[in-house]
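Structure record follows, encoded as C-alpha cells.
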Amino acid sequence: MPRTARANRCSRSRRISPTPTQVLWISKALQGSCTPQTNRSHAGRVCGSKQNPRSISQYDTHCTDFGGCTVPFKDLETRKTRQQVYSKRWYEGNKPRVLARTQARKAQGLREWNLYKSTQACLRCGVSHPAVLDFHHYVRKGKRSIAKLIKYGRFKDARREAEEKCVPLCSNCHRLLHWNESRTMGHEP
C-alpha cells in the first residue's frame, strides 16, 4: 500500500492526525455547510477499520460516535462534553479495577506515612510513638491541615508540609503549647 494511502487510514487501535484541510472539511461537514458532492478533493480517502473502510464523507455519521475513529473537535464545549461522556463510560466499565488501584495506592501511602511518623519524636518530651504525635505549624502562612491531606490521600503533600512548616509534638505537649499561646495573647481558654 502506498504511504499516502496508509496515512489516511485509521483503525480503532490507532489514532490518526488529519491534515488541516481534512479538519476544516470535517468541521464543515459536521455543521452541515459542506456536503461530499461540493468538495471532491477528498474523494477516495477512507477511514474506519481495514475490514470496514468508509469514505471521508461519512465522518458526520460514522466518526462522531464512540465506536468509530477519532475526530478532532475545534469547538471546546463539544470536545469537553464528549470527553466527559467518554470518561464516564470508561469509568463505569472499569470501576472495580479503578477502585482496587486507588485502594492499593492509598494503603501504600498510609504505610509510608506511618513509617515517616515512626521516625519522629516529640521535641519537648521525646515521646516517639506514632499514635500520639501531632505536627505543630510554626510557619502559619499558607498552612494546610496535615490531617485533611492524609484523609484525601495526598501523602506526599502531607510529608512536605510536615518537613517544611511543622515540628513534631506529642498530643499533650501540643495542647499545652496552644493553651499557653492563648493565655499569653490575652484569650481565656
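Values as computed for the structure displayed
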{"item": "Selected residue [free of Cβ contacts under 8 Å to residues at least 24 places away in the same chain, at positive phi and not aliphatic (A, V, I, L, M)] from Gly93, Gly126", "result": "Gly126"}
{"item": "Some residue of segment 108-121 being under 16 Å from the mean Cα position of the chain (by Cα) and over 30 Å from Leu176 (Cβ atoms)", "result": "no"}
{"item": "Check on His129, in the same structural domain as Thr102 (by TED's automatic domain parsing), in contact with a His (Cβ under 7 Å, 6 or more places away or on another chain) and either within 21 Å of Gln108 (Cα to Cα) or not polar (S, T, N, Q) (or both)", "result": "no"}
{"item": "Residues within segment 142-189 that are under 23 Å from His129 (Cβ atoms) and either outside any helix (DSSP H, G or I) or among the aliphatic types (A, V, I, L, M) (or both), tallied", "result": "14"}
{"item": "Flag if Arg97 is within 18 Å of the chain's Cα centre (by Cα) and either part of a helix (DSSP H, G or I) or under 20 Å from Lys148 (Cα atoms) (or both)", "result": "yes"}
{"item": "Conditions (1) assigned to a loop (DSSP other than H, G, I, E, B); (2) surrounded by fewer than 11 Cβ atoms within 10 Å (Cβ to Cβ); number of the one not met by Val127", "result": "(2)"}
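The values are calculated or read from the model by the stated rules, or taken from the named source; none is laboratory data. This one's a predicted model, so the numbers in the text were calculated from it and none came from an experiment. Cβ coordinates were reconstructed from backbone atoms using ideal geometry, including for glycine residues, and neighbour counts include every protein chain displayed.
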